[in-house]
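Engineer: This is the structure, below, for whatever I ask next.
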Amino acid sequence: MPIVHAFDPPERFVAGTVGEPGARTFFLQAREGTRVVSVALEKQQVAALAERVDELLDEVMADARTTTVIPAVAPVGLTDEDPLDLPIAEEFRAGTMTLSWDPQAERVVIEVFPVGEEMVGLTDDADEAMVPEEQEPSEVFVVRIEAGYARAFVQRASKVIGAGRPDCPFCGQPIDPEGHLCVRANGFKRRPEQ
């Protein structure tokens, strides 16, 4: 039986970071009362999740069968600029994430599974073809949020991603505070704009 960290709905669901730009650790964090669950993930996973949540809400909004009011942008009262809740204890590192819309509950459903548990096990019996075996994950992080909170999640995630190191206008690589050697500028050391 897997450990299920379920929040339906959470009081708070955000993406955030710990550390300095260039050495940040990204987290998804949900809180309900005194219970706080933090899942570590990569910057690209945060970006992909935020983009896909936005696209999903746009699709639901455009669907003629939708009776739910889906805001086009994050409602003002739902913006969250606060730091992550302390203490930050990583439950697991995120691997596969799934995203869906529950039309009965009118909520976005996000499921996050631990890294390394994305693939189902395969049997290696010589008499049988390689057939996938169903394997339950050891843990799953499940968050169910209303559309307005989902838009607020996307808005905050975009800010968190953009708060990192600036990109070099020539090669697109991040520029550290002390600069970086730009391959497109023949090794000339670029510094961030002051």
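Engineer: Which condition breaks for G22 when tested against (1) over 20 Å from K159 (Cα atoms); (2) under 20 Å from the mean Cα position of the chain (by Cα)?
Structural biologist: Of everything listed in (1) over 20 Å from K159 (Cα atoms); (2) under 20 Å from the mean Cα position of the chain (by Cα), G22 misses just condition (1).
Engineer: Sticking with this one: Can you pull out the residues in segment 1-25 that are farther than 20 Å from R107 by Cα and either buried (at least 16 other Cβ atoms within 10 Å of the Cβ) or among the β-branched types (V, I, T) (or both)? Working first, answer last.
Structural biologist: Of segment 1-25, the ones farther than 20 Å from R107 by Cα are 1-3, 16-25.
Correct list: I3, G16, T17, V18, R24, T25.
Engineer: Follow-up question, since we're still on this one. Kindly establish whether L28 is out of contact with any helix residue (DSSP H, G or I) (no Cβ under 9 Å at 6 or more places or on another chain), closer than 13 Å to V160 by Cα and either touching a residue at least 24 places away in the same chain (Cβ under 8 Å) or buried (at least 16 other Cβ atoms within 10 Å of the Cβ) (or both). Explain how you work it out, then say what you get.
Structural biologist: Working: out of contact with any helix residue (DSSP H, G or I) (no Cβ under 9 Å at 6 or more places or on another chain): no; closer than 13 Å to V160 by Cα: yes; either touching a residue at least 24 places away in the same chain (Cβ under 8 Å) or buried (at least 16 other Cβ atoms within 10 Å of the Cβ) (or both): yes.
Criteria not met by L28.
Engineer: When you look at I145, is it of a type outside the set (S, T, Y) and modelled with pLDDT under 95, yes or no?
Structural biologist: Criteria not met by I145.
Results for (1) in a loop (DSSP other than H, G, I, E, B); (2) at pLDDT 95 or above; (3) in contact with a Lys or Arg (Cβ under 7 Å, 6 or more places away or on another chain), shown as yes or no for each residue.
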site: A6; (1), (2), (3): no, yes, no
site: P10; (1), (2), (3): yes, yes, yes
site: G16; (1), (2), (3): no, yes, no
site: P21; (1), (2), (3): yes, no, yes
site: Q29; (1), (2), (3): no, yes, no
site: V37; (1), (2), (3): no, yes, no
site: L49; (1), (2), (3): no, yes, no
site: D54; (1), (2), (3): no, yes, no
site: A74; (1), (2), (3): yes, no, yes
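Engineer: Sticking with this one: So which of T79, T66 is free of Cβ contacts under 8 Å to residues at least 60 places away in the same chain and of a type in the set (S, T, Y)? Show your work before the answer.
Structural biologist: Details: T79 fails: free of Cβ contacts under 8 Å to residues at least 60 places away in the same chain.
Being free of Cβ contacts under 8 Å to residues at least 60 places away in the same chain and of a type in the set (S, T, Y) holds for just one of T79, T66, which is T66.
Engineer: For segment 7-15, does any single residue satisfy the condition of being in contact (Cβ under 8 Å) with a residue 40 or more places away in the chain and closer than 27 Å to D176 by Cβ?
Structural biologist: Start the filter on segment 7-15 by keeping residues that are in contact (Cβ under 8 Å) with a residue 40 or more places away in the chain, which leaves 7-10, 12-15.
Adding the requirement that they be closer than 27 Å to D176 by Cβ leaves 14-15.
Yes, segment 7-15 has at least one match.
Engineer: Looking at (1) at pLDDT 75 or above; (2) in a loop (DSSP other than H, G, I, E, B); (3) farther than 22 Å from Q45 by Cβ, which one does D176 not meet, given that it meets all the others?
Structural biologist: (1)
Engineer: Still on this model: What number of residues in segment 101-117 are loosely packed, with under 13 Cβ neighbours inside 10 Å and either without any contact (Cβ under 8 Å) to a residue 24 or more places away in the chain or touching a Pro at 6+ places or on another chain (Cβ under 7 Å) (or both)?
Structural biologist: 2
Engineer: I'd like the residue in segment 64-79 that is of a type outside the set (V, I, T) and surrounded by 15 or more Cβ atoms within 10 Å (Cβ to Cβ) and, out of all such residues, is nearest to E51 (Cα to Cα). Before you say what the answer is, go through the steps one by one.
Structural biologist: Kept after step one, since they are of a type outside the set (V, I, T), are these residues of segment 64-79: 64-65, 71-72, 74-75, 77-78.
Right, trim to surrounded by 15 or more Cβ atoms within 10 Å (Cβ to Cβ) and you get 71, 74, 78.
Working: P71: 16, A74: 14, L78: 18 Å.
Top of the filtered list is A74.
Engineer: For segment 90-119, which positions are in a loop (DSSP other than H, G, I, E, B), modelled with pLDDT of 90 or more and within 19 Å of V46 (Cβ to Cβ)? Explain how you work it out, then say what you get.
Structural biologist: To start, the set of residues in segment 90-119 that are in a loop (DSSP other than H, G, I, E, B) comprises 103-106, 115-119.
If we keep only those that are modelled with pLDDT of 90 or more too, we end up with 103-106, 115.
Across segment 90-119, the qualifying residue is only V115.
Engineer: Select from segment 157-177 the residues that are closer than 17 Å to G19 by Cα and either of a type outside the set (A, V, I, L, M) or in contact with a Ser or Thr (Cβ under 7 Å, 6 or more places away or on another chain) (or both) and list them in ascending order. I'd like the intermediate steps shown before the answer.
Structural biologist: At the first step, the residues of segment 157-177 found to be closer than 17 Å to G19 by Cα are 157, 159-166, 174-177.
Across segment 157-177, the qualifying residues are K159, V160, G162, G164, R165, P166, P174, D176, P177.
The values are calculated or read from the model by the stated rules, or taken from the named source; none is laboratory data. The shown structure was predicted, so the numbers you read here are calculated from the model rather than taken from an experiment. Here the Cβ is made from the backbone with ideal geometry for all residues, glycine too, and neighbour counts use every protein chain on show.
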